[in-house]
1. Go ahead and estimate [θ] at 222 nm for the chain from helices alone: -39,500 (n - 2.57) per DSSP H run with n ≥ 4, summed, over the residue count, rounded to 500.
2. Would you please calculate the Kirkwood hydrodynamic radius of region 43-95 over all C-alpha pairs and express it in Å, rounded to one decimal?
3. Can you compute the label reach from residue 65? Point 7 Å from Cα along the Cβ direction, backbone N cut-off under 18 Å, restricted to region 42-57.
4. Could you derive backbone 3J(HN,Hα) for region 78-95 from the dihedral phi with the Karplus parameters 6.51, -1.76 and 1.60 (θ = phi - 60°), listing whole Hz in sequence and x where the residue is Gly or Pro?
5. Compute the helix-to-body angle for 8-59: its Cα long axis versus the longest principal axis of the chain, expressed 0 to 90° and rounded to tens.
Amino acid sequence: MLAFFQDPAAQKLAEDLARLTAANIGPGIGAGLAAGLAGVGAGIGIGMIGGSAGEGIARQPEAADAIKGTALIMAAFVEGVALFAAVIGLMLATK
């Protein structure tokens with residue numbers, strides 16, 4: 001292995017590879033965090049919407065249809081925001 005790095009061309013290639021790897025680590029970590037946190041946030045948001053909808057239906061069963069429709073629309077909005085966050089994170093990774 002030491003003989004490999006004694007060759008000046010191979011050493012330059014190894015340094016260039018290390019520099020490129022170090023330059024691309026940050027965006028990759030950022031993209032992973034963005035996508036992960038978007039998924040966690042969406043899961044928490046949809047869980048809260050479902051819990052509140054269930055509680056509202058338990059308190060007023062006659063308003064179940066209106067509550068279900070509103071909860072479905074709110075869950076779609078939360079999921080849309082999570083999707084946008086994941087796409088932006090992936091765009092940052094491929095920048």
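1. Numbers: 3 runs with 87 residues, N = 95.
The per-residue figure over the chain is -33000 deg cm²/dmol.
2. Working: mean 1/r = 0.0808 Å⁻¹.
One over the average 1/r among Cα pairs gives 12.4 Å for region 43-95.
3. 57
4. Taking θ as phi minus 60°, the curve returns 4, 5, x, 5, 5, 5, 4, 5, 5, 5, 5, x, 5, 5, 5, 5, 9, 5 Hz for region 78-95.
5. Around 10 degrees separate the two axes.
Readers should treat all values here as calculations from the given coordinates under stated rules, not as data from a laboratory. This one's a predicted model, so the numbers in the text were calculated from it and none came from an experiment. We place every Cβ from the backbone using ideal geometry, glycine too, and count neighbours over all the protein chains shown.
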